[in-house]
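Following: one structure in structure tokens, then a few remarks.
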Amino acid sequence: MSGVQLGLRANARQFGLLVVLNGFVGAMVGLERSVLPLVGERDFHLDSNAAILSFVVAFGIAKALSNLVAGGLADRVGRKRLLVLGWMLALPVPLLIAVAPNWGFVVAANVFLGASQGLAWSMTVLMKIDLVGPRRRGLALGLNESAGYLGVALAAFATGALAATFAPRTVVWVGALVVATVGLLVSALFVHDTASHVALEQRAHGVGGRRTLRQAFLHGTFMHPVLRVCAQAGLVNNLNDALAWGLVPLYLAANGASVTEVGVVAAVYPAVWGLGQLLTGWLSDHTGRKPLIVIGMLVQAGALGLLVAGGGEFGPALLAAVLLGVGTALVYPTLIAAVSDSVQPVQRAPAVGVYRFWRDFGFVAGALIAGIVADTVGSGAAIVVVAVLTALSGGWVAATRWSADRRLAARA
């Protein structure tokens, strides 16, 4: 363990490389963000919102399960190996989208994309937490999530702009091929594993009690009040993100928005989300986690209400996208930091894996709720339902007694 140090400055080179790499991880999702629902409607002639949103369901199930698997295997297999495997799973995505004779191939591509994202994003999160130690955990997570969602935003904006000139499906698969290839090469050649950093941090806490994945799942889902409330807040957060990804482009297009306008709205939301996390991750280290989570969930709910109140017009939709990004920026890195606060270093990987399982299961719940309600009573009603659920989730966090063990950080 000689020469191993915790801290952002001591590990600046590897930390910076992981920040850039997570931008590429986010770009893989961003490539689909603004145009893939329209591809389902226009290229494959799907007339059911639930059918179109099936690609989000497939993505969510695969990502949630791979998050859980990643949390259980990270300490045994190694962070870097799982990161490389995640990028290898991304390689079939562009091929399947390029040759797709029907929507089923696109759904299959998103199974691979979800599995890839679960492994690659989980490992970049864990490795950054490992490198910086507990004192600047919120800042580290803010930088990680910021890079990822700026990658989403830039890719969403680029595909929306290019889709006005080139075939949208071509834009998606060519971009995905480039991003996946670069991500795999960088991960395999330049990233180092962080197991020694975990061992060094654990020394401050004595011999830690490792948990099996089953024990971590039960502890994080039912037994620990802060982990439990973080899991539900994460699930609801991604529930409304699934709505923004899958249904909002269709809602805007149905109300007269052009492909470029849809792309702008789809890009502004993750751009504000990504930039905002540069501040909110750091802020949560100083103000505590709970206030930012509560405020963020309520701001998200208000943004969705504004989207419906504006009738899908571009101006109100753009403002709603900004507010939705602000709310999500307050919540996203703060929840992962709160989970990390609540466990010892050797328990971190499975705890984060369980949290990310429930958070990304929100994609499944959101796509199903949005698709079924939209097909039954309309897209506007589906957005209102999700807004109400988001507000209720924020209320649950507010009512929970916060007891995340920040003493773990103080002792390190």
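Values for this structure:
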| read-out | value |
| --- | --- |
| Lone qualifier among L184, L177 - being modelled with pLDDT of 90 or more, open to solvent by 50 Å² or more (accessible area, probe 1.4 Å) and in contact with a helix residue (DSSP H, G or I) (Cβ under 6 Å, 6 or more places away or on another chain) | L177 |
| Any hit, the range 277-291, residues being within 20 Å of A387 (Cβ to Cβ) and in contact (Cβ under 8 Å) with a residue 40 or more places away in the chain | no |
| Residue that is nearest to the chain's Cα centre (by Cα), among those in the range 82-107 that are open to solvent by 30 Å² or more (accessible area, probe 1.4 Å) and over 23 Å from V182 (Cβ atoms) | V107 |
| Subset of the range 365-379 (residues that are open to solvent by 10 Å² or more (accessible area, probe 1.4 Å) and closer than 27 Å to L119 by Cβ) | A365, L368, I369 |
| Hey, I61 over 22 Å from F15 (Cα atoms) and open to solvent by less than 10 Å² (accessible area, probe 1.4 Å) or not | no |
| Among (1) over 18 Å from the mean Cα position of the chain (by Cα); (2) at pLDDT below 90; (3) open to solvent by less than 10 Å² (accessible area, probe 1.4 Å); (4) over 21 Å from A163 (Cβ atoms) - the single one R79 does not satisfy | (2) |
| Those residues of the range 218-255 which are at pLDDT 90 or above, under 14 Å from the mean Cα position of the chain (by Cα) and small (G, A, S), in sequence order | A231, A233, G234 |
| Residue match in the range 43-62 (condition: in a helix (DSSP H, G or I), at pLDDT below 90, under 29 Å from L275 (Cβ atoms) and under 21 Å from the mean Cα position of the chain (by Cα)) | yes |
| In the range 119-169, residue least open to solvent (accessible area, probe 1.4 Å) [restricted to those that are farther than 28 Å from L85 by Cβ and among the basic types (K, R)] | R136 |
| Odd one out for L46, checked against (1) within 30 Å of V198 (Cα to Cα); (2) open to solvent by 30 Å² or more (accessible area, probe 1.4 Å); (3) in contact with a Gly (Cβ under 9 Å, 6 or more places away or on another chain); (4) among the aliphatic types (A, V, I, L, M) | (1) |
| Test: residue in the range 344-363 that is crowded, with 24+ Cβ neighbours inside 10 Å, without any contact (Cβ under 8 Å) to a residue 40 or more places away in the chain and over 13 Å from the mean Cα position of the chain (by Cα) | no |
| The range 236-273 - residue that is under 23 Å from T165 (Cβ atoms) and assigned to a loop (DSSP other than H, G, I, E, B) and, of those, least open to solvent (accessible area, probe 1.4 Å) | A257 |
| Qualifying residue in the range 188-211 (condition: of a type in the set (S, T, N, Q), in contact (Cβ under 8 Å) with a residue 60 or more places away in the chain, open to solvent by 20 Å² or more (accessible area, probe 1.4 Å) and closer than 25 Å to P92 by Cα) | no |
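The values are calculated or read from the model by the stated rules, or taken from the named source; none is laboratory data. Note that the structure is a prediction, hence the values are computed from the model and not measured. No Cβ is skipped: glycine too gets one built from the backbone with ideal geometry, and neighbour counts run over all protein chains shown. For the accessible areas, the whole protein counts, side chains as well, though only heavy atoms, and no ligand, DNA or RNA atoms are used. Shrake-Rupley method; radii C 1.70, N 1.55, O 1.52, S 1.80 Å.
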